[in-house]
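Here's the structure we're looking at; comments come further down.
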Amino acid sequence: MDLDSETMDGKVVNVSNGTSDDRNSQVQGIKQIGYGIFQKMTESEQLEFLQDVFESLNQPQLRKAQELFSSLLQKDFISLLPAIGLEDIAEEILAYLDYKSLCAAELVSRQWKEVISYSKLWKRQIEHKIKTDKMWKGLLERRGWMHVTTQTQTENPLLTSEFYRKLYPKIYNHIKTVKRNWIEGDPAFKIINCNTNGESKGVYCLQYDNSKIISGHRDNTIKVWDAKSLECKQMLTGHTGSILSLQFDSNILVTGSSDSTVRIWDLYTGTMVTALNYHREPVLHVRFIGAVLISSSKDQKIAVWSINRQTITASLQTVLIGHRAAVNAVEFDENYIVSASGDRTIKVWSAKTCEFVRTLKGHTRGVACIHYRGTLIVSGSSDNTIRLWDLDSGGCLRVLEGHNELVRCIRFDETRIISGAYDGRIKVWDLQAALNPLISSNVLCLRTLWRHTGRVFRLEFDDFQIMSSSHDDLIIIWDFDEQGNPLEAVHQAVFEDSEDKMIC
């Protein structure tokens with residue numbers, strides 16, 4: 001037939017088989033009539049009609065219809081919100097994205113990228129990381145980049161959205177390198193030779209912060225070093241015996257000595273303010289938190305003091321007695337006091353009542369050092385082993401073997417344990433693996449560092465470095481941080497370092 005007939009709304013509509021233009025014109029007419037009829041239907045009638053239409057379609061047509069409906073149901077609200085004055089809502093929605101998702105969001109459309117750029121979401125990503133990840137915070141402080149989170153673009157025109165977009169992967173990649181260096185990289189060495197004369201060589205203790213290093217020496221002196229130049233800025237004298245332990249905070253320094261005294265110093269003036277004379281033998285360890293100071297001694301006693309921070313004085317509150325040999329180390333927090341002794345035991349005391357709680361036994365020789373955080377105690381002994389203990393149960397969780405002589409110092413954080421021993425070695429251990437009983441002891445030591453020529457007496461560490469002191473009269477800084485470009489060239493480095501790509 002040359003002509004098809006359809007009846008719609010009581011009318012006969014002919015669809016010609018003539019030219020394509022004629023047919024298109026006739027089809028458009030049918031659509032208009034059909035759409036008019038559809039609009040006159042109720043909502044339920046429209047749905048019923050559509051169901052009939054869908055049931056008449058074949059599979060390819062249904063798939064095409066599904067694609068069409070999916071696209072119609074999608075709304076680009078991120079682009080629409082700024083158009084109606086609600087750009088703040090669009091910014092808050094995108095702020096929930098992590099960095100990989102934010103990379104992908106920039107590629108959605110020009111409008112999305114403009115919202116991300118205008119709202120400084122890359123800067124907010126960095127600020128969030130600084131608050132939640134101590135390595136990010138530590139790296140920005142070390143590299144001198146912290147100002148980029150506090151300055152505005154008005155104060156520094158270089159701080160554009162593109163700046164933060166390129167800074168983020170630079171920090172991310174830098175931290176990946178640092179973590180890798182802890183396992184297999186060669187640390188950079190910075191060495192302080194304390195140049196002690198005669199037979200009094202030896203650095204028994206140390207502590208550091210971003211600006212200074214304070215060390216206690218066998219020659220009865222305390223030295224304050226500049227953390228950047230490594231030059232000795234000050235030497236404190238007053239003790240008549242070796243400095244065996246020290247700790248400082250923002251304004252005071254506490255030291256324990258083989259002269260049997262505990263001394264408190266004013267860090268601002270460098271003067272000794274108070275000498276505490278309770279112990280009758282060398283003070284082996286001192287620790288303080290706020291107004292509470294605890295000292296342990298070769299006299300087998302642990303003294304608990306109260307510090308007046310204004311007058312920098314202290315008064316004896318109580319004495320803990322229970323060990324049968326020298327108390328080599330003591331650690332505490334608001335819950336417990338933990339002490340280690342030459343009697344081969346570790347004792348736990350209540351920090352609130354100072355009452356004895358329990359004894360931890362397992363070492364076969366004297367316990368030389370401990371570190372305590374949360375419910376975990378890590379100890380080192382003259383039996384050459386390291387033990388991990390559960391404070392609540394008193395049970396030994398793991399024994400680490402690897403040192404050939406007395407383990408003199410031990411510290412740990414969330415991921416690793418660092419130990420130093422009289423064999424001159426420093427070992428890095430995988431803490432989380434050590435806490436898993438299913439993991440073999442053979443893989444727990446990640447690496448051994450050996451540069452000291454004498455016994456390692458003390459070490460401290462953070463996410464980027466280890467600082468150790470030894471009988472060889474050296475302080476060694478083992479730096480795992482990749483130094484990169486000078487701090488003053490950070491802006492140029494961020495913009496021109498072509499190796500730093502977005503991690504998308």
With +1 on the Cβ of every Lys and Arg and -1 on the Cβ of every Asp and Glu, and nothing else charged, how large is the dipole of the chain about its Cα centre, in debye rounded to the nearest 20?
2680 debye
At q = 0.14 Å⁻¹, work out log10 I(q)/I(0) for region 91-182 with the Debye formula, treating every Cα as an identical point scatterer and leaving solvent out; two decimals please.
-0.52
Too-long pairs where the Cα-Cα distance tops 29 Å, listed order kept, from 361/427; 176/347; 301/361; 176/212
176/347
List the lysines whose Cα sits under 18 Å from the Cα of residue 120, skipping any in the same chain fewer than 8 residues away.
100, 129, 131, 166, 170
Trypsin sites (Lys or Arg not before Pro), restricted to region 271-324: which are DSSP loop and have at most 14 other Cβ atoms within 10 Å?
280, 309, 324
Pull up the cross-link candidates among the lysines for residue 40, meaning alpha carbon to alpha carbon under 21 Å and not fewer than 8 places away within one chain.
11, 31
Using the per-residue mean of other Cβ atoms lying within 10 Å as a proxy for protection, in what order, highest first, do the peptides 55-65, 140-150 fall?
140-150, 55-65
Simple SL model, points at 7 angstrom along Cα→Cβ for residue 237 and residue 212; separation in nm is 1.9 nm
Inter-part gap, Cα centre of region 343-382 to Cα centre of region 258-285, in whole angstrom, is 24 Å
Full-stretch length increase - residue 108, residue 308 - with 0.36 nm per residue and alpha-carbon distance subtracted:
65.9 nm
Select from region 360-459 those GluC sites (Glu not before Pro) which occupy a DSSP coil region and have at most 16 other Cβ atoms within 10 Å, ordered by residue number.
405, 414
Among (i) 3, 8, 20, 16, 15, 10, 9, 8, 5, 4, 2, 1, 1, 0, 0; (ii) 3, 15, 20, 17, 13, 10, 6, 5, 5, 4, 3, 1, 0; (iii) 3, 15, 21, 22, 19, 12, 5, 2, 0, which one is P(r) over Cα pairs in 10 Å bins from 0, in percent computed from these coordinates?
(ii)
Which value in nm describes the separation of the simple spin-label points at residue 273 and residue 62, placed 7 Å from the Cα toward the beta carbon?
8.4 nm
Sticking with the crude label model, points 7 Å out along Cα→Cβ, report the distance from residue 86 to residue 281 in nm, one decimal please.
7.6 nm
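Each reported figure results from applying straightforward, stated rules to the coordinates on display, with no laboratory input. Source: prediction; values computed, not measured. Every residue, glycine as well, gets a Cβ built from its backbone with ideal geometry; the counts of neighbours run over all protein chains shown.
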